[in-house]
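Below is one structure; the comments refer to it alone.
Please treat every number below as a calculation from the coordinates, not as lab data. Not measured: the values here are computed from a predicted model. Note that each Cβ is placed from the backbone with ideal geometry, even for glycine, and that neighbours are counted across all protein chains shown.
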Amino acid sequence: MKMKKLAREAVIFALLGLFIAMASCFVYLTKDIRTNANAAAAREVQSFAQGSVSALEHPDHNHIGFIATFDDPDWGGAWRQLDNSILFHRLIEVPVMKGRVLYFTECQSHAEEGQNCLFICIPEEIKKEYWDAYKKSEHETLLRSGMVSLESGLWGFAGGIGIWAFSRLVRFAVKG
């Protein structure tokens, strides 16, 4: 009878450790899932940047929430591309959701050397591609986070057994 009680306690502690470790790891890994999916989708449709409002309607660049979606080693290439696109009337803005605008540069001639060009801008197609890439990125993140959470759950299982053993030792030391 006493052994069944000990086994039951051990199993409860181990399963609680497993569940707590898995849940906390999953929550931690998916906390920025929407932000990462936005950036991945913007890169997928080859937008050079994204912002929170229209850059054409708000020429004051300090308030548009501008984020470069490509690697910008010189910290300003995306800003220059935005400024030049506005200056030469080649900026194409595609609102994909409330508070998110993607910026593209329309090519005036044939493809420029080494750059991504959008010859025909069809906002509906860009939105569809954006949302497909967004969902794909979100699913990949959930799958990857789930796998890592399972791994951390194993550590939580072992930790639960360890906490149970420690509590039994303390109980033995106190009660004698």
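In this label model, I20 and M3 are separated by 2.9 nm, measuring between points 7 Å along each Cα→Cβ vector. By the count of other C-beta atoms within 10 Å, a proxy for reagent exposure, T35, T141 are ordered fewest to most as T35, T141. Counted by Cβ distance under 14 Å from F172, the other residues give a net charge of +3, where Lys and Arg count +1 and Asp and Glu count -1.
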